[in-house]
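The values are calculated or read from the model by the stated rules, or taken from the named source; none is laboratory data. The structure presented is a predicted model; accordingly, all values stated were derived computationally and were not measured. We place every Cβ from the backbone using ideal geometry, glycine too, and count neighbours over all the protein chains shown. Surface areas here come from the heavy atoms of the whole protein model, side chains and all, with no ligands, DNA or RNA. Shrake-Rupley method; radii C 1.70, N 1.55, O 1.52, S 1.80 Å.
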Amino acid sequence: MAGPTTEGRKLNRSFGGLALLGVLLVVAGLVGLVYTGVATLTSMILFGWLLLIGGLVGLLHAVQARGTAFFWLGVVVAALNIAAGVVVIKNPVGTAEALTMFAALLFLTGGVFRLVGSVVVRGPQFGWTLLQGAFGLVLGVLVLIDWPHSSLYVLGCFFSLALLFDGLGLIAFGVGGRRVVSLVTDQMTPEKGEK
């Protein structure tokens, strides 16, 4: 049976791997923030391929489940995913424009509902909800004012920020996990004079 020191080293390596992955995501996020247009097109092409592959896997699963009540539903959903994937891959700029419009409308409606909800309810988080609603409303208006030009950078910026913050979270998790493992391993390792 492995001792606490051996297990601690294994866990340290695992947490170190998470921290390294976090660093890679942070670098990718920073590069994406510098080159938002490339990040937008990259995310659209990646999205298209994920739809296409997911549709093909869904179609394979539907064929394997033929004879069940959900066969045709599986085929229809798989066909829609495949079609959407092909459209996104063939026209990533148009897809980015459509998704940017959709995101702007989500910001607008979410902002309006938060503003109205905070004024009507006046709960304990009134100020924060009001500020969040105003921020969503302003963000939606700013994206719509510059649309379709904003579609060249908005999605890439959001994608890059997601990578950046996910990376920072993984770094914090990896470094914190290594510290906890070191503390626990130090507590469990017997002193030289002890048995």
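Side notes on the structure shown:
- Verdict on Leu20 being under 27 Å from Ala172 (Cβ atoms) and part of a helix (DSSP H, G or I): yes
- Helices (runs of 4 or more DSSP H) fully within the range 86-195 that include at least 2 residues being under 30 Å from Asn12 (Cα atoms), in contact (Cβ under 8 Å) with a residue 60 or more places away in the chain and touching a helix residue (DSSP H, G or I) at 6+ places or on another chain (Cβ under 6 Å): 154-188.
- Total residues in the range 4-35, condition open to solvent by 30 Å² or more (accessible area, probe 1.4 Å) and at pLDDT below 85: 13
- Within the range 36-71, the set of residues being closer than 19 Å to Ser151 by Cβ, touching a residue at least 40 places away in the same chain (Cβ under 8 Å) and open to solvent by 40 Å² or more (accessible area, probe 1.4 Å) comprises Val38, Leu41, Thr42, Ile45, Phe47.
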